[in-house]
Amino acid sequence: MHWPVPAVCVAPARQCGRCASRAPGRSGVRSEHLGPGAITLDGALDEAAWRDAPVISLTQQNPHPGGPTPYVTTVRVLRGKDHLYFGITCVDPQPGRVSLHTLQRTVINPPTTA
């Protein structure tokens, strides 16, 4: 069974517009204009705005660039008045095999109390 993991990222639209304008000759990404109150920033991509937004499908980069992969990642972009909203869905065919690792560090000089 595939379990999609949705995420929402927000970026200032003005900054992104400047970056895009500095890349002559690069193809752009289409975005859907977002009306007021069209989405809720809750991590779920279940509003009509997300469903109607153009889909960008990412391809495998490692170990076989462009090769087939069971890990499907899609990105949708919405454009608000002052921000860009990125809805990212990652599908893992075996979510039960996902493992988390902690990055515990050794404290060489522990803080002292006075």
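Here are some notes:
- Once region 76-92 is narrowed to residues that are among the aliphatic types (A, V, I, L, M) and closer than 19 Å to Gly35 by Cα, the residue that is surrounded by the most Cβ atoms within 10 Å (Cβ to Cβ) is Leu78.
- Region 47-75 - residue that is among the aliphatic types (A, V, I, L, M) and part of a strand (DSSP E or B) and, of those, surrounded by the most Cβ atoms within 10 Å (Cβ to Cβ): Val75
Each reported figure results from applying straightforward, stated rules to the coordinates on display, with no laboratory input. Given the structure is predicted, the values throughout are model-derived calculations rather than measurements. No Cβ is skipped: glycine too gets one built from the backbone with ideal geometry, and neighbour counts run over all protein chains shown.
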